[in-house]
Amino acid sequence: MLAIHALKKSFVTPEGVRGAVVDVAEFALGAGEQVALRGESGSGKTTFLHLIAGILAADSGKIMVDGAEMTALGEAGRDKLRAGKIGYIFQTFNLLQGCTVLENVMLGMAFGPGGADRGRAKEILRRVGLEARMEHFPRQLSTGQQQRVAVARALVNRPKLVLADEPTGNLDRRNSAEALRLIRETCRESGAALLLVSHDEEVLAQFAGARDFAALNRAGGMIAEGSK
């Protein structure tokens, strides 16, 4: 499902010095597999996920997603591949505050292979327990409910690969456990592979053999991710 070879990405600091952030020799994830990576702030984990999703272009190396080479595509091609194959759950949710819950999920479908499907959007919102909140705006929801919207938006296109960047980082313990259960269960039901990164040991403990991203990333995340 996901295969990475010799992936590198660097950035120029405000001082004009180029520093490596991601340098991953090999990484692979099988269809339907669920893997967690332990990653502290500034380790390069968010950049790594952005590269896999095609949000950022790699300096060099190869990323294969369900048989398609992300790294061979221009920005428009990466956007199309991401819309068709990848669901991304952001730590900060990235919901549009001027749009309703239903509209946020439908916007997630706009660039997908089937276009916006109101019925499918409603179906996934019912699946995540938000049937009564579809016409609410994000500001009218609790933090846990906003995360459910983010999960629904990531999964509505039935992606082959789901990326989750600290998906419980803004939640309390109860909502964190519920969000993680929802993400994993929905991925299993749809057959999607899941790659999750977190620094929360309670979250990581739910995955057999969680791996340290620092051990994969030879660059060591030299530039603080929040500075880019």
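Residue-level analysis places GLN145 among those that are of a type outside the set (A, V, I, L, M), closer than 28 Å to CYS99 by Cα and out of contact with any strand residue (DSSP E or B) (no Cβ under 6 Å at 6 or more places or on another chain).
Looking only at residues of the range 1-45 that are charged (D, E, K, R) and in contact with a His (Cβ under 8 Å, 6 or more places away or on another chain), we find that the one that is nearest to LEU56 (Cα to Cα) is GLU26.
A quick yes/no check of all residues on (1) more than 16 Å from the chain's Cα centre (by Cα); (2) surrounded by fewer than 17 Cβ atoms within 10 Å (Cβ to Cβ); (3) farther than 15 Å from GLN91 by Cβ:
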| residue | (1), (2), (3) |
| --- | --- |
| VAL162 | no, no, no |
| ASP165 | no, no, no |
| ARG173 | yes, yes, yes |
| ILE183 | no, no, no |
| ASP200 | yes, no, no |
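In the range 88-107 there is no residue that is touching a Lys or Arg at 6+ places or on another chain (Cβ under 9 Å) and among the small types (Gly, Ala, Ser). Candidates GLU131, GLU135, GLU185, GLU189: the one that is within 19 Å of GLY108 (Cα to Cα) and without any contact (Cβ under 8 Å) to a residue 12 or more places away in the chain is GLU131.
Scanning the range 84-102 for residues that are of a type in the set (D, E, K, R) and surrounded by fewer than 18 Cβ atoms within 10 Å (Cβ to Cβ) gives no hits. Remark: pairs (first residue in the range 213-226, closer than 11 Å to LYS45 by Cα; second residue in a helix (DSSP H, G or I) and at pLDDT 85 or above; Cβ separation under 6 Å; 6+ apart in sequence or on different chains) = PHE213/LYS45; GLU225/THR46.
When ASP66, ASP117, ASP59, ASP23 are checked against the criterion of being charged (D, E, K, R), surrounded by fewer than 22 Cβ atoms within 10 Å (Cβ to Cβ) and within 26 Å of GLY169 (Cβ to Cβ), a single residue qualifies: ASP23.
Of the helices (runs of 4 or more DSSP H) entirely within the range 94-212, those holding at least 1 residues that are hydrophobic (A, V, I, L, M, F, W, C), out of contact with any helix residue (DSSP H, G or I) (no Cβ under 9 Å at 6 or more places or on another chain) and over 20 Å from ASP79 (Cβ atoms) occupy 201-204.
Determine whether the range 71-83 contains at least one residue that is hydrophobic (A, V, I, L, M, F, W, C), assigned to a strand (DSSP E or B), surrounded by 14 or more Cβ atoms within 10 Å (Cβ to Cβ) and at pLDDT 95 or above. Scanning the range 71-83 turns up no residue that is hydrophobic (A, V, I, L, M, F, W, C), assigned to a strand (DSSP E or B), surrounded by 14 or more Cβ atoms within 10 Å (Cβ to Cβ) and at pLDDT 95 or above. For the range 72-89, the set of residues classified as touching a residue at least 60 places away in the same chain (Cβ under 8 Å) and touching a strand residue (DSSP E or B) at 6+ places or on another chain (Cβ under 6 Å) consists of LYS85, ILE86, GLY87, TYR88, ILE89, listed by residue number.
The values are calculated or read from the model by the stated rules, or taken from the named source; none is laboratory data. Computed from a prediction, not measured in an experiment: that's the story for all the values here. As a convention, Cβ positions derive from the backbone with ideal geometry for all residues, glycine included, and neighbour counts pool all protein chains shown.
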